[in-house]
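The values are calculated or read from the model by the stated rules, or taken from the named source; none is laboratory data. If you're wondering where the values come from, they're calculated on a predicted model, not measured in any experiment. Cβ placement follows ideal geometry from the backbone for every residue including glycine, while neighbour counts extend to all protein chains displayed. Only protein heavy atoms, including side chains, enter the accessible area calculation; ligands, DNA and RNA are left aside. Shrake-Rupley method; radii C 1.70, N 1.55, O 1.52, S 1.80 Å.
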Amino acid sequence: MTKNIVLIGFMGTGKSSCGKSLATRLGCAFIDLDKYIESKEKMSIPEIFAAKGEAYFREKEREAVREVVQRKGAVIATGGGTIKDEENFAAMKERGVIVCLSADVDTILQRTARRGERPMLDAQVDRRKAIENLLASRKAMYARADFTVDTSNLSPMQVTEEIVGFLRVGGMIRA
Ligand code: S3P
């Protein structure tokens, strides 16, 4: 496999857990974009947002995308807002297959309930409304993926098998 498999999708759709599971299943490297940024910046994502703001985070995110897409045959889990940036999308698309993970609002609400981890949601009073609004504004961007899996009622292993099935049918893997 020479292309990367890039997981996009909203917060709480399972990009990190499914990405890890998929990389293990395919025997390839796994890169979590948020973790990559955190280790470069030596700060957690909420710390970066609090100390330097969203614009700075997006700048670092853009740099990180440029770097990680150079890999070949890796599974890359992006952050929920990574593909808002047209250049990020183009860079990932050029060197990868884009797989979107989705979930319904109740599932997202439940999976992102813990405070202190998701600055985009913590900043809002009504969390459900914040999720609905952000989802609506990003819907068209997520829809540009090559393949989408609704993870609401699936385990990471089941999601992995769905993605493997898609890759196999497309001739991208033989596993
Ligand atoms: C963000 C999602 C987060 C992280 C940052 C911004 C977003 O990643 O990149 O907090 O704008 O949706 P996860 O989708 O992994 O939570």
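What order do 28, 18 take when sorted by accessible area (1.4 Å probe), most exposed first? Don't skip to the answer; put the middle values down first.
On the way: 28 30, 18 5 Å².
Result of the area sort, largest leading: 28, 18.
Straight-line cross-link partners of residue 20 among the lysines, defined as a Cα under 21 Å from its Cα and at least 8 positions apart when in the same chain: 3, 35, 40, 72, 93.
At a probe radius of 1.4 angstrom, the accessible area of region 119-160 per residue rounds to 58 square angstrom. Can you give the local net charge around residue 3? Use residues other than it whose beta-carbon is closer than 11 angstrom to its beta-carbon, Lys and Arg +1, Asp and Glu -1. Summing Lys/Arg as +1 and Asp/Glu as -1 gives +2.
Put simply, when 58-71, 130-143 are sorted by average Cβ atoms within 10 angstrom per residue, most first, you get 58-71, 130-143.
Residue 96: net charge of surrounding residues, Cβ under 12 Å, Lys/Arg +1, Asp/Glu -1, itself excluded?
Details: positive: 3, 71, 72, 93, 95; negative: 94, 146.
Value of the local net charge: +3.
Can you give me the Rg/Rh ratio for the chain, using Cα atoms for both radii and the Kirkwood formula for Rh? My calculation puts Rg/Rh at 0.94.
Highest first, please rank the peptides 76-83, 159-166 by the mean number of other Cβ atoms sitting within 10 Å of their residues.
Numbers: 76-83: 24.4, 159-166: 19.1.
Peptide ranking by packing, descending: 76-83, 159-166.
How much FRET efficiency would the formula 1/(1 + (r/R0)^6) give for residue 55 and residue 35, where r is the Cβ-Cβ distance and R0 is 22 Å, rounded to 0.05? Mind dumping the intermediate values first?
Numbers: r = 21 Å, r/R0 = 0.95.
Using R0 = 22 Å, I get an efficiency of 0.60.
Here the gap between residue 168 and residue 87, fully extended at 0.36 nm per residue and compared with their Cα-Cα distance, gives a gain of 26.3 nm. Each part reduced to its alpha carbon centroid, region 129-174 and region 18-76 end up 18 Å apart.
So between residue 140 and residue 104, what do we pick up on full extension, going 0.36 nm a residue minus the alpha carbon distance? It would help to have the intermediate numbers written out before the result.
Working: separation 36, 0.36 × 36 = 12.96 nm, distance 1.58 nm.
Here the segment from residue 140 to residue 104 would lengthen by 11.4 nm.
Backbone amide hydrogens, once placed in the peptide plane, bring residue 32 within less than 5 Å of 77, excluding anything fewer than 5 places away on its chain.
Do the sum for the chain: with -39,500 (n - 2.57) for every DSSP H run of n ≥ 4, divided by all residues, what is the mean residue ellipticity at 222 nm, to the nearest 500 deg cm²/dmol?
Working: 8 runs with 95 residues, N = 175.
About -17000 deg cm²/dmol.
Charge dipole of the chain (Cα centre as origin; +1 on each Lys and Arg Cβ, -1 on each Asp and Glu Cβ, all else neutral): 340 debye, rounded to the nearest 20. What net charge is computed for the residues neighbouring residue 81, neighbours being all others with C-beta under 14 Å from the C-beta of residue 81, Lys and Arg scored +1, Asp and Glu -1? Summing Lys/Arg as +1 and Asp/Glu as -1 gives +1.
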